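The values are calculated or read from the model by the stated rules, or taken from the named source; none is laboratory data. Because the structure is a prediction, the values reported are computed rather than measured. Note: ideal-geometry Cβ built from the backbone for every residue, glycine included; neighbour counts use all protein chains shown.
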Amino acid sequence: MHICRLNNLLLCIFMILPMTLLTQHNTDESLVPEYDLPALLTDSHGKQISEATTWEEHRRSEILSIFEQEVYGIPPLEEIAVEVSEKVLERMAFHGKATIREITFTFTNNGKRLDAVLLLVLPNSPDPAAVFLGYNFGGNHTILPDESIQLPKGWVLGGPQIGAFDHKASVVSRGAKYSRWPVLNMLARGYGLATMHYGDIDPDFDDDFKNGIHALFSNSEHIKNGNWGALATWSWGLSKIMDYFETNPLINHEKITLLGHSRLGKAALWAGALDKRFAIVISNNSGCGGAALSKRRFGETVAAINKNFPHWFCKNFEKYNENESAMPFDQHQLLALMAPRPLYIASAQNDSWADPKGEFLSLKHASAVYALYHPNSTISGELPEVNRPLIQGKLGYHIRTGNHDVTPYDWEQFMNFTDQHFANGN
Ligand code: GCU
């Protein structure tokens, strides 16, 4: 078997392992419990919201603070120093079409330092580029085979099966994830790509909130008490990248499409909710704690995710283990926080762990907020057929055949959606 295919297969097994460790998870639609979704358009005093301005000035912040308090955690107030240095790796990459750079972000605070490296591929064009921004799982070197791309120096996910030994990256995986990042197609449509290894911001294991960016806030009781989970740190990192985009004249910072797959889709959604500078937000197979409704208890549940990944959320989220009915919120409210910006949710047919139907219903309910801005963004139908993308105003959704992954099919839809909205002035 070709090494990349073997890697992909083993990576899939690794990614879904937590699910197999849990014996009791429901994937039978007839066993989904009755549930009431918390209202989107009624505020905490029972007042009905019927206008975009009241949503924006009042209800939106109520919902945002529920997610901060109960799910992802409150960001630290302390500002830390960031220095950025740029290095050109190749000016004539892809037969002269693009320049590849590495941008190193150096964060310092309390005598501690953290370096995080962004891989930036920009079309060689006089116009500032619209850019897709997303974290990668294995390291920037997994995106392209180019030998000048540095390997992550710190922790990486996985094991020998993805070319990472003892959680250290190795050259074996150079270019192995190109299928998840079709850079040539992006360049052909005029887009750039910016990607960073997520572990550069916060290594993805439970260490009691001491490593990664957490370490730079070690004086903060708030952080020490686990009130800023890893998903929130990854979101924070995305906003720091956006700060940099605003300073780079080669980038059109008003045309940044933020996307993420799986846990990184959860982080992308939370970043998109907190930071309105992201023009378009795309979630791919983000599931529980991402796009999927938790109250359906289909696939991964709140208890399962907190058990397997105790460092992802804030401590309050544990209150809802086996207790989703007590949640005063659900993920449709998170999706509504993107409004009125274009939002695309993608599911995969075999990805029952991420609850494709729950992802769709979440978007459908969130569309009530979009409708305050654009009546044509209302989604009213049932789950679309597989491989039939649904585009409804500012909202997009597809469920494709296949497994938990990001595929060329997904990218084709993401680029079509982005083309359409940027051409229309978004
Ligand atoms: C696990 C986890 C999911 C997550 C996924 C991933 O399966 O349970 O919540 O989305 O890993 O990030 O690949």
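Of all residues in the range 271-295, those being within 16 Å of the ligand (Cβ to nearest atom) and part of a helix (DSSP H, G or I) number 2.
Within the range 400-425, restricting attention to residues that are among the aliphatic types (A, V, I, L, M) and surrounded by fewer than 24 Cβ atoms within 10 Å (Cβ to Cβ), the residue that is farthest from residue 384 (Cα to Cα) is 423. Just to be sure before I move on: is residue 354 of a type in the set (Gly, Ala, Ser) and crowded, with 24+ Cβ neighbours inside 10 Å in the structure I sent? Criteria met by residue 354.
Scanning the range 247-282 for residues being more than 13 Å from the chain's Cα centre (by Cα) and among the hydroxyl-bearing types (Ser, Thr, Tyr) gives a total of 1. Just one of the numbered conditions (1) modelled with pLDDT under 95; (2) assigned to a loop (DSSP other than H, G, I, E, B); (3) within 16 Å of the ligand (Cβ to nearest atom); (4) loosely packed, with under 14 Cβ neighbours inside 10 Å is not true of residue 20: (2).
List, please: which pairs have Cβ atoms under 6 Å, are six or more places apart or on different chains, and start with a residue in the range 299-323 that is within 20 Å of residue 225 (Cα to Cα) and end with one that is within 10 Å of the ligand (Cβ to nearest atom) and outside any helix (DSSP H, G or I)? Here the result reads 305/288; 305/289, each pair linking the range 299-323 to a residue that is within 10 Å of the ligand (Cβ to nearest atom) and outside any helix (DSSP H, G or I). Among the residues making up the range 114-135, those that are surrounded by fewer than 24 Cβ atoms within 10 Å (Cβ to Cβ), touching a residue at least 24 places away in the same chain (Cβ under 8 Å) and either within 16 Å of the ligand (Cβ to nearest atom) or not in a strand (DSSP E or B) (or both) are 124, 125, 127, 128. The listed residues are 202, 243, and the only one of them that is surrounded by 21 or more Cβ atoms within 10 Å (Cβ to Cβ), among the acidic types (Asp, Glu) and within 26 Å of residue 87 (Cβ to Cβ) turns out to be 202.
If only residues of the range 136-179 that are closer than 21 Å to residue 411 by Cβ and among the aromatic types (Phe, Trp, Tyr) are counted, the one that is farthest from the ligand (Cβ to nearest atom) is 178.
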